[in-house]
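The values are calculated or read from the model by the stated rules, or taken from the named source; none is laboratory data. Quick caveat, the model's predicted, so the values are computed rather than measured. Quick reminder, even Gly has a Cβ in these numbers, built from the backbone with ideal geometry, and neighbours come from all protein chains shown.
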Amino acid sequence: MSSPRVEINLTKIEQNTRQLVTMLNTQGIAVTGITKATLGLPKVAQAMMAGGVVRLGDSRIENLEILTAAGIQAPLTLLRSPTPEQAERAVSCASISQVSELTVIQALAVAASKQGSIHGVVLMVELGDLREGVLPHQLMDLAQHTLSTTHIELVGIGTNLACRAGVVPSADNMHELSQLASLLESTLGVHLSIISGGNSANLSWAMSSPAGHINDLRLGESILLGCDPLTRRPLKGLHTDAFSLVVPVIESMAKPTTPHGITGEAAFGVPIAMRERGTIIQTIASIGRQDIDPDGLVAPTGVSVLAASSDHLVLETHALMAPGSELRFGLNYSALLRAMTSPFVTTTFIS
(Lines give C-alpha, C1' and ligand atoms only; values in the text may rest on other atoms or scores of the structure.)
Protein backbone atom coordinates (compact mmCIF):
# COMPACT_ATOMS: atom_id res chain seq x y z
CA MET A 1 0.00 0.00 0.00
CA SER A 2 1.38 3.43 -0.94
CA SER A 3 2.56 5.80 1.78
CA PRO A 4 2.30 8.38 3.21
CA ARG A 5 -1.47 8.04 3.29
CA VAL A 6 -4.54 9.19 5.17
CA GLU A 7 -6.85 6.35 6.14
CA ILE A 8 -10.51 7.40 6.40
CA ASN A 9 -13.08 5.43 8.36
CA LEU A 10 -16.38 6.22 6.67
CA THR A 11 -18.45 4.35 9.25
CA LYS A 12 -17.11 6.55 12.04
CA ILE A 13 -17.83 9.70 10.02
CA GLU A 14 -21.41 8.54 9.48
CA GLN A 15 -21.81 7.71 13.18
CA ASN A 16 -20.41 11.08 14.26
CA THR A 17 -22.74 12.83 11.84
CA ARG A 18 -25.80 10.95 13.05
CA GLN A 19 -25.09 11.69 16.69
CA LEU A 20 -24.59 15.41 16.07
CA VAL A 21 -27.65 15.63 13.83
CA THR A 22 -29.79 13.88 16.43
CA MET A 23 -28.47 16.09 19.23
CA LEU A 24 -29.02 19.35 17.34
CA ASN A 25 -32.43 18.36 16.00
CA THR A 26 -33.70 18.43 19.59
CA GLN A 27 -32.86 22.16 19.53
CA GLY A 28 -34.53 22.72 16.17
CA ILE A 29 -31.21 23.04 14.38
CA ALA A 30 -30.37 21.25 11.13
CA VAL A 31 -26.83 20.41 10.01
CA THR A 32 -24.96 21.40 6.89
CA GLY A 33 -22.07 18.96 6.45
CA ILE A 34 -18.81 20.64 5.46
CA THR A 35 -16.48 18.70 3.17
CA LYS A 36 -13.67 21.24 2.62
CA ALA A 37 -11.12 19.49 4.85
CA THR A 38 -11.37 16.43 2.59
CA LEU A 39 -11.37 18.37 -0.70
CA GLY A 40 -14.98 17.46 -1.38
CA LEU A 41 -14.45 13.71 -1.37
CA PRO A 42 -17.75 12.17 -2.55
CA LYS A 43 -17.46 9.18 -0.19
CA VAL A 44 -17.14 11.49 2.80
CA ALA A 45 -20.10 13.51 1.54
CA GLN A 46 -22.14 10.32 1.22
CA ALA A 47 -21.24 9.31 4.78
CA MET A 48 -22.45 12.70 6.02
CA MET A 49 -25.67 12.36 4.04
CA ALA A 50 -26.23 8.88 5.45
CA GLY A 51 -25.82 10.45 8.89
CA GLY A 52 -28.62 12.94 8.24
CA VAL A 53 -27.23 16.29 7.07
CA VAL A 54 -29.78 18.39 5.16
CA ARG A 55 -27.23 19.92 2.80
CA LEU A 56 -23.50 19.97 2.07
CA GLY A 57 -21.17 22.92 2.02
CA ASP A 58 -17.66 23.71 0.89
CA SER A 59 -15.57 26.86 0.58
CA ARG A 60 -14.00 25.87 -2.75
CA ILE A 61 -15.86 25.88 -6.05
CA GLU A 62 -13.54 23.12 -7.26
CA ASN A 63 -14.70 20.83 -4.44
CA LEU A 64 -18.37 21.50 -5.16
CA GLU A 65 -17.71 20.71 -8.82
CA ILE A 66 -16.29 17.35 -7.72
CA LEU A 67 -19.43 16.63 -5.71
CA THR A 68 -21.64 17.66 -8.61
CA ALA A 69 -19.71 15.53 -11.11
CA ALA A 70 -20.01 12.56 -8.73
CA GLY A 71 -23.78 12.86 -8.81
CA ILE A 72 -24.18 13.78 -5.14
CA GLN A 73 -27.89 14.38 -4.59
CA ALA A 74 -27.94 17.07 -1.92
CA PRO A 75 -28.32 20.86 -1.93
CA LEU A 76 -24.83 22.38 -2.13
CA THR A 77 -23.75 25.64 -0.47
CA LEU A 78 -20.69 27.65 -1.45
CA LEU A 79 -19.34 28.88 1.90
CA ARG A 80 -16.71 31.34 0.68
CA SER A 81 -18.09 34.12 -1.47
CA PRO A 82 -17.11 33.79 -5.12
CA THR A 83 -15.50 36.66 -6.96
CA PRO A 84 -17.68 38.19 -9.68
CA GLU A 85 -15.57 36.31 -12.25
CA GLN A 86 -16.45 33.01 -10.57
CA ALA A 87 -20.19 33.63 -10.59
CA GLU A 88 -21.03 31.32 -13.48
CA ARG A 89 -19.15 28.41 -11.92
CA ALA A 90 -20.76 29.11 -8.56
CA VAL A 91 -24.27 29.04 -10.00
CA SER A 92 -23.48 25.87 -11.95
CA CYS A 93 -22.34 23.85 -8.93
CA ALA A 94 -24.17 25.34 -5.95
CA SER A 95 -27.76 26.16 -5.14
CA ILE A 96 -26.76 28.69 -2.46
CA SER A 97 -23.82 31.06 -1.98
CA GLN A 98 -22.84 32.82 1.23
CA VAL A 99 -22.13 36.43 0.25
CA SER A 100 -21.62 39.91 1.65
CA GLU A 101 -21.01 42.18 -1.37
CA LEU A 102 -23.71 43.57 -3.66
CA THR A 103 -21.46 43.38 -6.74
CA VAL A 104 -21.09 39.63 -6.15
CA ILE A 105 -24.87 39.23 -5.84
CA GLN A 106 -25.33 41.12 -9.10
CA ALA A 107 -22.78 38.89 -10.85
CA LEU A 108 -24.56 35.80 -9.53
CA ALA A 109 -27.82 37.22 -10.88
CA VAL A 110 -26.35 37.64 -14.36
CA ALA A 111 -24.98 34.10 -14.27
CA ALA A 112 -28.28 32.67 -13.04
CA SER A 113 -30.14 34.52 -15.77
CA LYS A 114 -27.87 33.02 -18.43
CA GLN A 115 -28.43 29.55 -16.97
CA GLY A 116 -32.17 30.02 -16.57
CA SER A 117 -32.10 29.45 -12.82
CA ILE A 118 -32.71 31.11 -9.49
CA HIS A 119 -29.69 31.25 -7.19
CA GLY A 120 -30.07 31.41 -3.43
CA VAL A 121 -27.95 33.66 -1.24
CA VAL A 122 -27.26 33.71 2.48
CA LEU A 123 -26.16 37.18 3.57
CA MET A 124 -23.24 36.98 5.99
CA VAL A 125 -23.15 39.30 9.01
CA GLU A 126 -20.06 40.36 10.97
CA LEU A 127 -20.67 39.73 14.68
CA GLY A 128 -17.23 40.19 16.16
CA ASP A 129 -14.73 37.71 14.69
CA LEU A 130 -13.69 40.14 11.95
CA ARG A 131 -13.75 37.77 9.02
CA GLU A 132 -16.46 37.99 6.32
CA GLY A 133 -19.81 39.73 6.64
CA VAL A 134 -21.50 43.13 6.57
CA LEU A 135 -21.85 45.06 9.80
CA PRO A 136 -25.29 44.63 11.39
CA HIS A 137 -26.44 48.16 10.52
CA GLN A 138 -25.64 47.49 6.83
CA LEU A 139 -27.68 44.29 6.59
CA MET A 140 -31.09 45.82 5.91
CA ASP A 141 -29.83 47.81 2.93
CA LEU A 142 -28.08 44.77 1.44
CA ALA A 143 -31.19 42.64 1.97
CA GLN A 144 -33.37 45.20 0.21
CA HIS A 145 -31.05 45.29 -2.78
CA THR A 146 -30.97 41.49 -2.82
CA LEU A 147 -34.76 41.25 -2.89
CA SER A 148 -34.91 43.62 -5.86
CA THR A 149 -32.40 41.56 -7.86
CA THR A 150 -33.92 39.16 -10.37
CA HIS A 151 -32.81 35.52 -10.50
CA ILE A 152 -31.66 35.81 -6.88
CA GLU A 153 -33.52 34.46 -3.86
CA LEU A 154 -32.75 35.69 -0.35
CA VAL A 155 -32.86 32.41 1.55
CA GLY A 156 -31.25 33.46 4.79
CA ILE A 157 -28.57 35.14 6.85
CA GLY A 158 -25.58 33.73 8.66
CA THR A 159 -22.47 34.51 10.61
CA ASN A 160 -19.08 32.99 11.30
CA LEU A 161 -17.22 33.03 14.60
CA ALA A 162 -14.11 31.50 16.19
CA CYS A 163 -12.15 31.31 12.93
CA ARG A 164 -10.05 34.46 12.73
CA ALA A 165 -10.10 36.08 16.17
CA GLY A 166 -11.43 33.15 18.19
CA VAL A 167 -14.61 34.96 19.26
CA VAL A 168 -16.76 32.41 21.09
CA PRO A 169 -20.36 31.85 19.95
CA SER A 170 -22.48 32.99 22.88
CA ALA A 171 -26.04 33.68 23.93
CA ASP A 172 -25.41 37.36 23.16
CA ASN A 173 -24.11 37.14 19.59
CA MET A 174 -26.55 34.37 18.67
CA HIS A 175 -29.42 36.42 20.08
CA GLU A 176 -28.24 39.35 17.95
CA LEU A 177 -28.36 37.15 14.84
CA SER A 178 -31.86 35.97 15.76
CA GLN A 179 -32.98 39.57 16.25
CA LEU A 180 -31.56 40.57 12.89
CA ALA A 181 -33.47 37.73 11.23
CA SER A 182 -36.71 38.80 12.93
CA LEU A 183 -36.14 42.42 11.89
CA LEU A 184 -35.62 41.47 8.24
CA GLU A 185 -38.67 39.21 8.17
CA SER A 186 -41.00 41.74 9.81
CA THR A 187 -39.73 44.79 7.92
CA LEU A 188 -39.39 43.25 4.47
CA GLY A 189 -42.20 40.69 4.68
CA VAL A 190 -39.95 37.76 3.82
CA HIS A 191 -39.38 34.32 5.27
CA LEU A 192 -35.77 33.32 5.84
CA SER A 193 -35.46 29.56 5.59
CA ILE A 194 -31.82 29.51 6.80
CA ILE A 195 -30.48 31.34 9.85
CA SER A 196 -27.01 29.85 10.10
CA GLY A 197 -25.34 30.44 13.45
CA GLY A 198 -21.88 29.26 12.53
CA ASN A 199 -19.70 26.19 12.69
CA SER A 200 -18.55 23.40 15.00
CA ALA A 201 -17.48 26.03 17.55
CA ASN A 202 -21.20 26.69 18.15
CA LEU A 203 -21.90 23.27 19.66
CA SER A 204 -21.38 24.28 23.29
CA TRP A 205 -23.74 27.24 22.83
CA ALA A 206 -26.29 25.11 20.98
CA MET A 207 -26.60 22.60 23.81
CA SER A 208 -26.73 25.15 26.62
CA SER A 209 -28.86 28.02 25.32
CA PRO A 210 -32.20 28.48 23.53
CA ALA A 211 -31.62 28.42 19.79
CA GLY A 212 -33.91 31.34 19.08
CA HIS A 213 -34.29 31.64 15.31
CA ILE A 214 -31.01 29.83 14.60
CA ASN A 215 -31.89 26.73 12.57
CA ASP A 216 -28.62 25.73 10.89
CA LEU A 217 -25.03 24.97 11.85
CA ARG A 218 -22.23 24.23 9.41
CA LEU A 219 -20.29 21.29 10.86
CA GLY A 220 -16.96 20.02 9.59
CA GLU A 221 -14.35 19.52 12.31
CA SER A 222 -16.78 18.07 14.86
CA ILE A 223 -18.03 15.48 12.37
CA LEU A 224 -14.63 14.55 11.00
CA LEU A 225 -12.52 14.65 14.15
CA GLY A 226 -15.09 14.40 16.96
CA CYS A 227 -13.79 17.40 18.88
CA ASP A 228 -14.80 20.91 19.95
CA PRO A 229 -12.76 23.50 17.99
CA LEU A 230 -12.84 25.92 20.94
CA THR A 231 -10.97 23.54 23.22
CA ARG A 232 -9.86 20.70 20.88
CA ARG A 233 -11.29 18.34 23.48
CA PRO A 234 -13.16 15.20 22.38
CA LEU A 235 -16.94 15.47 22.21
CA LYS A 236 -18.71 12.86 24.30
CA GLY A 237 -19.69 9.79 22.31
CA LEU A 238 -17.91 10.83 19.10
CA HIS A 239 -15.04 9.09 17.33
CA THR A 240 -11.80 11.08 17.30
CA ASP A 241 -9.96 8.60 15.08
CA ALA A 242 -11.93 8.60 11.84
CA PHE A 243 -8.73 9.82 10.17
CA SER A 244 -5.21 8.43 10.59
CA LEU A 245 -1.97 9.42 8.93
CA VAL A 246 0.27 6.46 8.11
CA VAL A 247 3.89 7.29 7.29
CA PRO A 248 6.85 5.02 6.45
CA VAL A 249 10.19 5.18 8.23
CA ILE A 250 13.25 5.95 6.08
CA GLU A 251 15.96 6.09 8.76
CA SER A 252 16.37 5.06 12.40
CA MET A 253 19.71 5.51 14.23
CA ALA A 254 21.24 6.38 17.57
CA LYS A 255 22.16 10.08 17.49
CA PRO A 256 23.00 12.88 19.94
CA THR A 257 20.22 15.19 21.10
CA THR A 258 22.07 18.45 20.40
CA PRO A 259 23.80 19.70 17.23
CA HIS A 260 27.46 20.54 16.97
CA GLY A 261 28.91 23.43 14.99
CA ILE A 262 27.91 27.07 14.60
CA THR A 263 24.15 27.43 14.06
CA GLY A 264 21.99 29.98 12.27
CA GLU A 265 18.44 29.89 11.02
CA ALA A 266 17.14 26.53 9.88
CA ALA A 267 14.85 25.90 6.90
CA PHE A 268 11.83 27.26 8.77
CA GLY A 269 13.39 29.89 10.99
CA VAL A 270 15.24 29.69 14.27
CA PRO A 271 15.00 26.14 15.65
CA ILE A 272 13.76 25.47 19.17
CA ALA A 273 16.62 25.10 21.64
CA MET A 274 17.49 21.44 22.20
CA ARG A 275 18.30 20.11 25.66
CA GLU A 276 21.29 17.81 26.08
CA ARG A 277 19.97 14.34 26.89
CA GLY A 278 22.77 12.18 25.63
CA THR A 279 22.11 9.70 22.82
CA ILE A 280 18.60 8.82 21.66
CA ILE A 281 17.01 6.75 18.92
CA GLN A 282 16.24 9.29 16.21
CA THR A 283 13.84 8.04 13.57
CA ILE A 284 12.91 9.87 10.39
CA ALA A 285 9.57 9.44 8.60
CA SER A 286 9.01 10.44 4.97
CA ILE A 287 6.73 13.43 5.37
CA GLY A 288 7.28 17.09 6.20
CA ARG A 289 5.86 20.58 6.44
CA GLN A 290 4.98 20.61 2.76
CA ASP A 291 2.46 17.88 3.52
CA ILE A 292 1.33 18.32 7.12
CA ASP A 293 1.35 20.61 10.14
CA PRO A 294 3.76 18.76 12.46
CA ASP A 295 2.32 20.56 15.49
CA GLY A 296 -1.05 18.97 14.70
CA LEU A 297 0.14 15.36 14.81
CA VAL A 298 -0.79 13.02 17.64
CA ALA A 299 2.12 10.60 17.86
CA PRO A 300 1.64 6.95 18.78
CA THR A 301 2.65 5.74 22.23
CA GLY A 302 6.42 5.70 22.65
CA VAL A 303 7.03 8.22 19.86
CA SER A 304 7.74 11.95 20.14
CA VAL A 305 7.84 14.52 17.34
CA LEU A 306 11.14 16.44 17.60
CA ALA A 307 11.13 18.57 14.45
CA ALA A 308 10.13 18.76 10.81
CA SER A 309 11.73 20.17 7.69
CA SER A 310 9.95 20.43 4.36
CA ASP A 311 10.09 16.69 3.68
CA HIS A 312 11.44 14.96 6.83
CA LEU A 313 9.64 14.32 10.10
CA VAL A 314 12.19 13.83 12.90
CA LEU A 315 11.05 11.60 15.74
CA GLU A 316 12.32 10.04 18.92
CA THR A 317 11.40 6.37 19.29
CA HIS A 318 12.06 3.86 22.04
CA ALA A 319 13.64 1.36 19.66
CA LEU A 320 15.25 1.20 16.24
CA MET A 321 12.77 0.84 13.40
CA ALA A 322 13.36 -0.83 10.06
CA PRO A 323 13.14 1.38 6.97
CA GLY A 324 9.77 0.74 5.35
CA SER A 325 7.99 0.06 8.64
CA GLU A 326 5.06 2.37 9.29
CA LEU A 327 3.93 4.75 12.02
CA ARG A 328 0.31 5.81 12.54
CA PHE A 329 -0.52 9.33 13.74
CA GLY A 330 -3.69 11.06 14.79
CA LEU A 331 -4.44 14.46 13.23
CA ASN A 332 -5.89 17.73 14.36
CA TYR A 333 -7.80 19.94 11.91
CA SER A 334 -4.74 21.84 10.70
CA ALA A 335 -2.74 18.67 10.06
CA LEU A 336 -5.69 16.98 8.35
CA LEU A 337 -6.35 19.94 6.08
CA ARG A 338 -2.73 20.09 4.93
CA ALA A 339 -2.38 16.33 4.50
CA MET A 340 -5.53 16.13 2.39
CA THR A 341 -4.31 19.03 0.25
CA SER A 342 -0.87 17.56 -0.40
CA PRO A 343 -0.52 15.73 -3.75
CA PHE A 344 2.11 13.53 -2.07
CA VAL A 345 -0.31 12.03 0.46
CA THR A 346 -2.78 9.45 -0.81
CA THR A 347 -6.15 8.54 0.72
CA THR A 348 -7.65 5.14 1.43
CA PHE A 349 -11.08 4.30 2.83
CA ILE A 350 -12.12 1.98 5.62
CA SER A 351 -15.81 1.09 5.90
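In the set 240, 258, only one residue is hydroxyl-bearing (Ser, Thr, Tyr) and either in a strand (DSSP E or B) or loosely packed, with under 14 Cβ neighbours inside 10 Å (or both); that residue is 258.
Being in the same structural domain as residue 184 (by TED's automatic domain parsing) and under 20 Å from the mean Cα position of the chain (by Cα), is that true of even one residue in the stretch 107-120? Full working, then the answer.
Just the residues of the stretch 107-120 that are in the same structural domain as residue 184 (by TED's automatic domain parsing), to begin with: 107-120.
Those still in the list that are under 20 Å from the mean Cα position of the chain (by Cα) too: none.
No, because not a single residue in the stretch 107-120 is in the same structural domain as residue 184 (by TED's automatic domain parsing) and under 20 Å from the mean Cα position of the chain (by Cα).
What about residue 220, is it free of Cβ contacts under 8 Å to residues at least 24 places away in the same chain and of a type in the set (Gly, Ala, Ser)? Judged against the criteria, residue 220 is not a match.
Take residue 223 and decide whether it is in contact with a strand residue (DSSP E or B) (Cβ under 9 Å, 6 or more places away or on another chain), closer than 29 Å to residue 88 by Cβ, buried (at least 19 other Cβ atoms within 10 Å of the Cβ) and β-branched (Val, Ile, Thr). Show your work before the answer.
Values: in contact with a strand residue (DSSP E or B) (Cβ under 9 Å, 6 or more places away or on another chain): yes; closer than 29 Å to residue 88 by Cβ: no; buried (at least 19 other Cβ atoms within 10 Å of the Cβ): yes; β-branched (Val, Ile, Thr): yes.
Spelling it out, it is not the case that residue 223 is in contact with a strand residue (DSSP E or B) (Cβ under 9 Å, 6 or more places away or on another chain), closer than 29 Å to residue 88 by Cβ, buried (at least 19 other Cβ atoms within 10 Å of the Cβ) and β-branched (Val, Ile, Thr).
The residues listed here are 96, 72; of these, the one that is surrounded by fewer than 20 Cβ atoms within 10 Å (Cβ to Cβ), of a type in the set (Val, Ile, Thr), at negative phi and more than 16 Å from the chain's Cα centre (by Cα) is 72.
Tell me whether the stretch 156-171 contains one or more residues that are in a loop (DSSP other than H, G, I, E, B), over 25 Å from the mean Cα position of the chain (by Cα) and surrounded by fewer than 18 Cβ atoms within 10 Å (Cβ to Cβ).
Residues of the stretch 156-171 that are in a loop (DSSP other than H, G, I, E, B), as a first pass: 160-170.
Right, trim to over 25 Å from the mean Cα position of the chain (by Cα) and you get none.
Checked the stretch 156-171: no residue is in a loop (DSSP other than H, G, I, E, B), over 25 Å from the mean Cα position of the chain (by Cα) and surrounded by fewer than 18 Cβ atoms within 10 Å (Cβ to Cβ).
Give, as residue ranges, the strands (runs of 3 or more DSSP E) completely inside the stretch 18-97 that count at least 1 residues that are of a type in the set (A, V, I, L, M, F, W, C) and in contact (Cβ under 8 Å) with a residue 60 or more places away in the chain. Steps first, answer last, please.
Numbers: elements: 30-34, 55-58, 76-78.
Once the strands (runs of 3 or more DSSP E) in the stretch 18-97 are filtered for at least 1 residues that are of a type in the set (A, V, I, L, M, F, W, C) and in contact (Cβ under 8 Å) with a residue 60 or more places away in the chain, what remains is 30-34.
Counting only residues that are within 25 Å of residue 23 (Cβ to Cβ) and of a type in the set (Lys, Arg), how many does the stretch 42-86 have? Matching residues across the stretch 42-86 total 2.
Here is a yes/no grid of residues against (1) of a type in the set (A, V, I, L, M); (2) closer than 16 Å to residue 246 by Cβ; (3) crowded, with 17+ Cβ neighbours inside 10 Å; (4) touching a Pro at 6+ places or on another chain (Cβ under 6 Å):
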| residue | (1), (2), (3), (4) |
| --- | --- |
| 273 | yes, no, no, no |
| 276 | no, no, no, no |
| 286 | no, yes, yes, yes |
| 296 | no, yes, yes, no |
| 308 | yes, no, yes, yes |
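Would it be correct to say that residue 101 is surrounded by 18 or more Cβ atoms within 10 Å (Cβ to Cβ) and either in contact with a strand residue (DSSP E or B) (Cβ under 6 Å, 6 or more places away or on another chain) or acidic (Asp, Glu) (or both)? In short, no.
The residues of the stretch 296-351 that are touching a strand residue (DSSP E or B) at 6+ places or on another chain (Cβ under 8 Å) and among the basic types (Lys, Arg) amount to a single one, 328.
Taking each residue of the stretch 241-265 that is over 23 Å from residue 323 (Cα atoms) and assigned by TED's automatic domain parsing to the domain that holds residue 276 and looking for partners that are modelled with pLDDT under 90 and acidic (Asp, Glu) with beta-carbon atoms closer than 9 Å, six or more apart or interchain, yields 258/276.
Here's the yes/no breakdown for (1) aromatic (Phe, Trp, Tyr); (2) at pLDDT below 95; (3) under 18 Å from residue 31 (Cα atoms):
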| site | (1), (2), (3) |
| --- | --- |
| 205 | yes, no, yes |
| 228 | no, no, yes |
| 244 | no, no, no |
| 258 | no, yes, no |
| 272 | no, yes, no |
| 284 | no, no, no |
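Of all residues in the stretch 308-331, none are in a helix (DSSP H, G or I), among the small types (Gly, Ala, Ser) and under 22 Å from the mean Cα position of the chain (by Cα).
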